[in-house]
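Every read-out reported here was derived from the displayed coordinates using simple, explicitly stated rules and does not represent laboratory data. Because the structure is predicted, anything quoted here is derived from the model rather than measured. Cβ placement follows ideal geometry from the backbone for every residue including glycine, while neighbour counts extend to all protein chains displayed.
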Amino acid sequence: MPTAKTPRAPTLDQIQVFLAVVDAGSFVGAARQLSRATSVISYAIANLESQLELELFDRRATRKPQLTDAGRAVLADLRKVSIGVGDLLAKAQGLLAGLEAQVVLVVDVMFPTPWLVEVLQDFQQTFPTVALRLNVEALGAVAQQVQDGIADIGISGAVEVSLPQLERHTFAGTRLVPVAAPAHPLSRHEGELTQALARNYEQLVLTDRSRLTEGKDYGVVAVRTLRVTDLNAKYALLLAGVGWGSMPEHMVRGDIAEGRLKALKSSEWDHAIYRFQTLCRSDVPPGPAARWVLKRLQEKEWAT
């Protein structure tokens, strides 16, 4: 009865040589690529095949080695191991240089998505070994996460919270537009629209559950309000004609243009801007990657 074969773990060097032969198309090309003698390449491949108990290259059919079925079957796995080790070494090098293993960013729900995407894409290209975790919150909940150490840095609206240990830097803003569905009474009103008139109709108000802004109102003028903790829920209710409320212009620009929502024109609201600020704790200085995010936000000219 034949003895069952038991493959053994290959070395990283054997894997590197195998991939070099595949990529170069020959043992000679791999030798040139790795600055080694061709005999050394052949010896490494023979040892790898012995370790795995598999014939990986067919050396008989052609002058150039061709992958066997077994070679093709293990190629993706061996390449994955090589990439994983490369990522590990790059991350270790980053940690030795002082880079964080992870950056946690908390962002105000009002922050324009195109801006956020641009920052995240640039971050991934600049710090490929640093994991980035993103939290999205509203109002004082952003500052709360930075204060509590849940997030390393934050992008908050300019809400008034008493936290002297937080460093702040105002850097941009987005215009707020009061809107309502076309069938809403305020949308059908002719003439100057005032806050006194809007006060008589239910207003949709974004709120949050943090203790920092508990009991505080921002931009509330109506006697009756419907408070929601999710901006997308507020948006859906506005489209459905449930109340009126202010939204970031970039979110409703298309709806206004296509008639799904109507901008409520008023000289009292024309210049309402929701300002953004970066946040970090002064007693816990951010690392290099987090500092890059703060600088990137503060120095770019943002335009919606």
Handout entry: Linear extension gain, VAL28 paired with LYS295, 0.36 nm per residue minus alpha-carbon span
Key = 91.3 nm
Practice task
Could you calculate the contour length gain from ASP122 to ASP283, that is, 0.36 nm times the residue separation minus the distance between their Cα atoms, to one decimal place in nm?
Solution key: 55.2 nm
Practice task
Give the span of region 246-303's Cα atoms along each principal axis, as three whole-Å numbers ordered largest to smallest.
Solution key: 47, 24, 18
Handout entry: Interchain or long-range residues, amide H under 5 Å from VAL107's placed H
Key = ASN135, VAL136, GLU137, ILE155
Fill in the blank from the handout: One finds, for ASN135 and GLN51 with R0 = 45 angstrom and r their Cβ-Cβ distance, a FRET efficiency to the nearest 0.05 of 0.50
Exercise for the section: Take the alpha carbon gyration tensor of region 117-194, find the square roots of its eigenvalues, order them as a ≥ b ≥ c, and report rounded if a/c is under 1.5; if not, report prolate when a/b exceeds b/c, else oblate. Expected result: prolate
Practice task
Sum -39500 (n - 2.57) across every DSSP H segment of at least 4 residues in the chain, then divide by the residue count to get the 222 nm mean residue ellipticity, nearest 500.
Solution key: -12500 deg cm²/dmol
Practice task
Restricting things to alpha carbons, find the Rg to Rh ratio for the chain using the Kirkwood radius for Rh.
Solution key: 1.23
Fill in the blank from the handout: Going fewest to most other Cβ atoms within 10 Å around each Cβ, PHE171, PHE18, PHE276 line up as PHE171, PHE276, PHE18
Fill in the blank from the handout: Hydrodynamic calc, region 21-74: Kirkwood Rh from Cα pairs, then Stokes-Einstein at 20 °C with viscosity 1.002 mPa s, so D in µm² s⁻¹ is 190 µm²/s
Practice task
Among SER35, SER50, SER26, determine the one that fluctuates most according to a GNM of the chain built with springs between C-alpha atoms less than 10 Å apart.
Solution key: SER35
Practice task
Would you look at the GNM of the chain, springs on alpha carbons closer than 10 Å, and say which of GLY25, GLY149, GLY84 moves the most?
Solution key: GLY25
Problem - Label-zone membership for region 256-300, site GLN165, 7 angstrom Cα→C-beta point, backbone N under 17 Å - result: 279-287
Handout entry: region 97-140 shape via C-alpha gyration tensor axes, a/c threshold 1.5
Key = oblate
Exercise for the section: Please identify the helices of the chain, taking whole runs of DSSP H, that span at least 24 Å along their own axis as judged from the Cα atoms and have a mean Kyte-Doolittle score of -0.5 or higher. Expected result: 69-96
Fill in the blank from the handout: Per the charge dipole of the chain (beta-carbon charges, Lys/Arg positive, Asp/Glu negative, Cα centre), the residue among GLN121, GLY245, PRO7 reaching farthest to the positive end is PRO7
